[in-house]
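Notes follow the structure.
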Amino acid sequence: RRSTQVRRNSLVVAWIMVAAVLAVLVIGGPLGSWGTWLPLHALMLGGIGSAITVWSAHFADTLLHRPALGGAALLDARLYAHGAGTALVLVGITANLSALAVAGVAIVALAALTGVLAIAVQYRRAVAPRLAALAIHYAVALTLLALGAALGYLTSWSESRGRAHLSDIFYVAHTTTMLLGFVGTTVLGTLTVLWPTMLRTKMEPEAPRWTTRGLPLLVTGTALVAASGVLTPLAAVGMVVYLAGACGVIVPAVRTARRVPPTSFATASAAAAVTWFLIGVVRIGTGVGALALGDAGPADRVAAAREVIHGVRVLLAAGFALQVLAGALSYLSPVMLGGGPATTRLTNAIMDRAAAYRVVAANACLALALATVLPWEVRLSGAVTAGAIAAYVPIGMGMSVREVVRRTRGRKGGTGTIPASATASGAPASPGAPVRGPSPRPGRGRGSAVHQPPRTQESVDE
């Protein structure tokens, strides 16, 4: 189980590293003429898409209490297909090779729709567990991924043929479908279960019902904002509808946080990420919706709408998607690695070092990077500093893997085993970052333990 999870999440981290290198090359000059499209898509489609592919399957297993269709083999095939399709999309669009781009989009969409089929079959086989309806979020999100990938290709296709107006319409639809639909729906649905689990407390009783009722509002709001390239007032309406659906997750989460305040890096990062996400949704809705008040024509309005969304890409990519991924990996890595209670406490301490400083400093520097009124030198330094602070997450994951391997070898060899009392104090955590962690969930006669996801509080309750 451990080696399989490390291998899968190594692919996620690899995509993030590729995006970071590409961002440095774009900012530094060698790839400056390419713009930010390449690093952003390496991060969002490659890194975030791969992470959602992996963890949506595991949380679906937890929610439905049934193994997925195809098991580990199909999940691996979907993950590698998604990565290959993403690589083809990046190369095809960058090199203006339409055939490669079409092939990449087709592979990404096929992998996503295969995931929808797997969850649908898994849902039908489930014996009506309490949280089963939350798994529908993942099926809807993967469907929106396939749709968003197709819209992305149409954006590039129409632009290459000089049809700027049509390209702007497709761009608005593509970005909002991917960010609000694919990523937003996945994150909000997952936080319903993951948020109280990270806080080590019980879920609010009304949370599953509110989240389920909010899903149609999330989808409707996404569709309205996506269509605002054709009719700009739809953006404001879509924003209100989307936020109403998001409240089904946020209100119970706030109530939970009032009982048990978030103090670890994972919980504080998740809270900051959702805050950035709400800011981004409001900026898109108000910015695009306000264009209807001017005297510009349809072509000028949709071009201005594209610029509005262009201005919040980094906010949503780095502030929301990357930060929520960092928080989730910080919490899930110790669970994934296992090794017993003492080892889990130690890996939790590693991932939680300087938690308060890292969250505050990274978000403050990101705010500097996004403040357009500041000189570009200040914004650049803020972006670089935020990236350097965020780099601790993959470093901490590597340190945790090394520590687990070392302790496992020590136990097998009969030497080098560190007592639990020593390990609990061997890696000091920052103030306000408790050293806690659940032990891995044992198998229950379902064959390979690869598909045993992190144990949630709700499963404990049941």
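The values are calculated or read from the model by the stated rules, or taken from the named source; none is laboratory data. This is a predicted model, so every value here is computed, not measured. We place every Cβ from the backbone using ideal geometry, glycine too, and count neighbours over all the protein chains shown. Note: areas computed on protein heavy atoms with side chains; ligands, DNA, RNA excluded. Shrake-Rupley method; radii C 1.70, N 1.55, O 1.52, S 1.80 Å.
Key figures for this structure:
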{"read-out": "Single match in THR211, THR197, THR177 (criterion: of a type in the set (Ser, Thr, Tyr), modelled with pLDDT of 95 or more and open to solvent by less than 20 Å² (accessible area, probe 1.4 Å))", "value": "THR177"}
{"read-out": "Looking only at the stretch 33-91, and only at residues there that are of a type in the set (S, T, N, Q) and modelled with pLDDT of 90 or more, the one that is farthest from ARG313 (Cα to Cα)", "value": "THR53"}
{"read-out": "SER3, sole failed condition from (1) over 16 Å from the mean Cα position of the chain (by Cα); (2) of a type in the set (Gly, Ala, Ser); (3) within 16 Å of GLY85 (Cβ to Cβ)", "value": "(3)"}
{"read-out": "Pair list, Cβ under 7 Å, 6 or more apart: the stretch 190-219 residue over 20 Å from THR263 (Cα atoms), other residue open to solvent by less than 20 Å² (accessible area, probe 1.4 Å) and assigned to a loop (DSSP other than H, G, I, E, B)", "value": "PRO208/LEU131"}
{"read-out": "Failed condition for VAL102, given (1) farther than 14 Å from ALA146 by Cα; (2) in a helix (DSSP H, G or I)", "value": "(1)"}
{"read-out": "Flag for THR232 being farther than 28 Å from ARG124 by Cβ, under 17 Å from the mean Cα position of the chain (by Cα) and open to solvent by less than 10 Å² (accessible area, probe 1.4 Å)", "value": "no"}
{"read-out": "Single unsatisfied condition, ALA244 versus (1) of a type in the set (Gly, Ala, Ser); (2) surrounded by fewer than 24 Cβ atoms within 10 Å (Cβ to Cβ); (3) under 20 Å from LEU131 (Cα atoms)", "value": "(3)"}
{"read-out": "Among (1) more than 19 Å from the chain's Cα centre (by Cα); (2) surrounded by fewer than 20 Cβ atoms within 10 Å (Cβ to Cβ) - the single one GLY338 does not satisfy", "value": "(2)"}
{"read-out": "Out of ARG358, ARG345, sole residue that is modelled with pLDDT under 90 and charged (D, E, K, R)", "value": "ARG345"}
{"read-out": "Total residues in the stretch 85-119, condition under 19 Å from THR143 (Cα atoms) and open to solvent by 50 Å² or more (accessible area, probe 1.4 Å)", "value": "6"}
{"read-out": "Among the candidates THR275, THR263, THR286, residue that is outside any helix (DSSP H, G or I) and surrounded by fewer than 19 Cβ atoms within 10 Å (Cβ to Cβ)", "value": "THR263"}
{"read-out": "Single residue of GLU159, GLU206 found to be open to solvent by 20 Å² or more (accessible area, probe 1.4 Å), closer than 20 Å to ARG255 by Cβ and modelled with pLDDT under 95", "value": "GLU206"}
{"read-out": "Matching option when the condition is open to solvent by less than 50 Å² (accessible area, probe 1.4 Å) and either closer than 30 Å to TYR123 by Cα or out of contact with any helix residue (DSSP H, G or I) (no Cβ under 8 Å at 6 or more places or on another chain) (or both), among ILE16, ILE52", "value": "ILE52"}
{"read-out": "Matching residues in the stretch 289-329 - criterion: being surrounded by fewer than 21 Cβ atoms within 10 Å (Cβ to Cβ) and touching a His at 6+ places or on another chain (Cβ under 7 Å)", "value": "ALA299"}
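Conditions (1) on the phi < 0 side of the Ramachandran plot; (2) among the hydrophobic types (A, V, I, L, M, F, W, C); (3) more than 20 Å from the chain's Cα centre (by Cα), marked per residue:
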| site | (1), (2), (3) |
| --- | --- |
| LEU64 | yes, yes, yes |
| GLY70 | no, no, yes |
| ALA99 | yes, yes, yes |
| ALA103 | yes, yes, yes |
| ILE119 | yes, yes, no |
